[in-house]
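Below is one structure, written out as structure tokens; the observations come after it.
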Amino acid sequence: MQLNNADRELIDKIEELSGENVFSCYQCGKCSAGCPFTEEMDLLPNQVIRKVQMGDVSVLQSETPWICASCLSCEVDCPKGNNVPAIMEAIREISLRENVDKVELKDLKTRGLPEIALVSNFRKKTS
Amino acid sequence: MKEVAYYPGCSLKDTAKGFEDSAIQVSSDLGVRLKEIDRWNCCGTVYSLTDDNLMKQLGPIRNMIRARDEGFDQLYTLCSMCDNTLKRSNYLIQNDDDKRDKINNFMDQENDYSGEIEVKHYLQLLRDELGWERVREQVSNPLEGINVAPYYGCMLTRPKEIGLADPHNPTVFDELIESLGGTPVDFPYESECCGSYNTVDNQEVVLEKTRTITGGATRSGADLIITACPLCQFNLDTRQAELLKATPNHDPVPVIYFTQLMAVAFDRPRVNKFEEHAIDPRKVLKIENKVASKR
């Protein structure tokens, strides 16, 4: 298949933010096999990467990067040494840098939550 | 007494106070003083994976600078999330000259930092500096017949560059449990993520992981679970109490810090603040009546 300029735009942005070559992935699916959260995801981690490889901007609407907790299970399993969590973070960042927060403080019940949970959540899900 | 620089992080001063208190106590028993570094700040809890934003590296790096400026060449952590962010920022500084220069140019109040500090987890102090024999010598209340599930979670062993054990087959907790006279239990979810910070806005994910991880431990015969992560401890303990309300036939299993287990084996149970745990570990550790009568 041929990528046009619009497709390239998404790929370039994700490669810039993550420092990863997205085409290094050969779709073996090992990231998805080991991911502890696939049941909650609308796209499997390897499907997210595939969409990025095709420059498919619909990947920005996926819930998967927001469920990914950067646990790095896929990162230690990837036979190509790809940093899949960095690609997930790049997708999150594209939304966050548009000033869109994924969590709103006013909607949350923060009572009883430890600071370690709040700080990490807000660092990953707010702009 | 040996003195080491120690970085506590936020949780150990609050929700994980029993973690810090037990660590200070068992260290003292082992002849080590944990010197809390002055003016430490938040590590950021999660390492930034974005290549172009170096701002998030400043927090962890400033802590290394504080330790260096106090004359130390090593910095010890207890919380596995702090351990992870500090080690990874340090790794970045040591291996990326360009980013190191940018960060140093930005920080004008501190002297330049180039990764002189070695960041180590407390488990590395036990395993690599003191050795298990030294731990064994301090045990006055061996954990005979107690089956302990070692829960490593994510941040102690991943990524490979900074992990303190093989990410696919870590053994450091198992070695510790054996040194304390307990029995390590092999269970399938020892390195599976608990759901982490999703506990704030997506509790369902964490409840499901809690069910899987604690259920896996009890089905493997565990009496309790040990961890080094205040967020894992919160999730597996507090969310398990919620799970119990929804699923009364759930078999509860206490989740404690590895230093609390050491304090029990060293016969110092009172420092542990077990009364603050949602799933009370005192019964399985057979210390219910001891607390009143002993130290």
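FYI, it's all coordinate maths here, none of it is from the lab. Predicted model only: the values in this text are computed from it and were never measured. Note that each Cβ is placed from the backbone with ideal geometry, even for glycine, and that neighbours are counted across all protein chains shown.
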- Evaluate the distance, in nm, between pseudo-label points positioned 7 Å from the Cα of B:R211 and of A:Q61 along their respective Cα→Cβ axes. 3.0
- Message: Skipping prolines and chain starts, which residues have an amide H placed within reach, meaning under 5 Å, of the one on B:Y76, given they are 5 or more residues away or on another chain?
- Response: B:A5, B:Y6, B:Y7, B:K120
- Convert each backbone phi in segment A:63-69 into a coupling constant with the Karplus relation 6.51 cos²θ - 1.76 cosθ + 1.60 (shift: θ = phi - 60°), then list the ³J(HN,Hα) values in order as whole Hz, x for Gly and Pro. 7, 3, x, 7, 8, 3, 9
- Query: With labels modelled as points extended 7 Å from the Cα through the Cβ direction, what inter-label distance (nm, one decimal) is found for B:S140 paired with B:E3?
  - Reply: 2.7
- Rounded to the nearest 0.05, what FRET efficiency is calculated for B:K17 and A:D42 with R0 set to 41 Å and r the Cβ-Cβ distance? 0.55
- Whole-Å distance, taken between Cα centres, linking segment A:70-106 and segment B:8-77: 25
- Note on the structure: Of all trypsin sites (Lys or Arg not before Pro) in segment A:31-127, the ones in DSSP coil with at most 14 other Cβ atoms within 10 Å are A:K80, A:R97, A:K109, A:R111
- Query: Cross-link list A:K109/B:K13; B:K13/B:K99; A:K80/B:K102; B:K17/B:K283: which exceed 24 angstrom alpha carbon to alpha carbon?
  - Reply: B:K13/B:K99; A:K80/B:K102
- Charge dipole (debye, nearest 20) of the protein assembly as shown; +1 at Cβ of Lys and Arg, -1 at Cβ of Asp and Glu: 1080
- Item | Restricting segment A:26-107 to chymotrypsin sites (Phe, Trp or Tyr not before Pro) in coil, as DSSP defines it, with at most 11 other Cβ within 10 Å | A:Y26
- Query: Longest segment of chain A with no GluC sites (Glu not before Pro) in a DSSP loop having at most 16 other Cβ atoms within 10 Å?
  - Reply: A:1-62
- For segment B:279-285, Karplus couplings with θ = phi - 60° (6.51, -1.76, 1.60), whole Hz, Gly/Pro x: 9, 5, x, 5, 5, 5, 8
- Query: Top mean-square fluctuation among A:G19, A:G112, A:G34, Gaussian network model of chain A, C-alpha springs under 10 Å?
  - Reply: A:G112
- Relative contact order of chain B, pairs being alpha-carbon contacts under 8 Å that are 6 or more residues apart, as %: 18
- Task: For segment A:12-44 and segment B:137-216, write down the distance between their C-alpha centroids in whole Å.
- Result: 26
- Query: Per-residue HN-Hα couplings for segment B:263-275, Karplus 6.51 cos²θ - 1.76 cosθ + 1.60 at θ = phi - 60°, whole Hz, x for Gly and Pro?
  - Reply: 4, 5, 5, 8, 6, 10, x, 5, 5, 6, 6, 4, 5
